1. Give the separation of the Cα centroids, the stretch 1-51 to the stretch 70-119, in Å.
2. Given a 1.4 Å probe and the protein chains all in place, what does the accessible area of ILE97 round to, in Å² to the nearest 10?
3. Per-residue ellipticity at 222 nm for the chain, helices alone: DSSP H runs ≥ 4 residues times -39500 (n - 2.57), over residue total, nearest 500 deg cm²/dmol?
4. Quick one: order TYR30, TYR78 from most to least accessible surface, probe 1.4 Å.
5. Summarise the accessible area of the stretch 68-125 (1.4 Å probe, protein heavy atoms) by the percent that is carbon and sulfur.
6. Rounded, prolate or oblate for the chain? Axes are the square roots of the Cα gyration tensor eigenvalues, ordered a ≥ b ≥ c, and the cut-off for rounded is a/c under 1.5.
7. Taking the full set of protein chains and a 1.4 angstrom probe, give the accessible area of VAL119 in square angstrom, rounded to the nearest 10.
8. Using a 1.4 Å probe, what is the accessible area per residue for the chain, in Å²?
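The values are calculated or read from the model by the stated rules, or taken from the named source; none is laboratory data. In this text, all values refer to a predicted model and were calculated from it rather than measured experimentally. Ligands, DNA and RNA are stripped out before the accessible areas are found, and what is left, the full protein with its side chains, is counted by its heavy atoms. Shrake-Rupley method; radii C 1.70, N 1.55, O 1.52, S 1.80 Å.
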Amino acid sequence: AGAKMACRQALSAANHMNGEEHLDTATAHYNMGTIFEKDHEFDDAAQELKIALKVRKKLLGDDHLLTADVHFLLGSVYNRQGKFADATKEHTLALKIRQKLLSNPNHPDIKASKAGLEVSKKQKFEDEIMI
């Protein structure tokens, strides 16, 4: 609860000082999404991450590692919600960005993206079989 309160205060301060379309505010939304995800509050996590993604894409562009980080975490949240098609899309975007920008194919972020994508695709496939 303490981390959530501190993060809410940081988000409020960033929004007040910088406005909604600022990298600090986007980072505060991302951090809030991380806390919600850890607390299994996936709807709230997704909402915060979508705001962070919108701002980061606008300010940094689609091909930026900070944008990839949001795609990755959003994919993980969607996996936890059982939204495997959405998760696959987000993990694919994170992987493409990371592969483009990180020269080492064994970079931990690339490995994490591949693992997240693998889980999403496997779950999506199992869901389709069950229908």
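1. What the calculation gives is 21 Å, centre to centre.
2. Counting only protein heavy atoms, the figure is 10 Å².
3. Result for the chain: -28500 deg cm²/dmol, rounded to the nearest 500.
4. TYR30, TYR78
5. Of the solvent-accessible surface of the stretch 68-125, carbon and sulfur hold 55 percent.
6. Since a/c reaches 1.5 but b/c is at least a/b, the shape of the chain is classed as oblate.
7. 70
8. With the other protein chains kept in place, the chain gives 57 Å² per residue.
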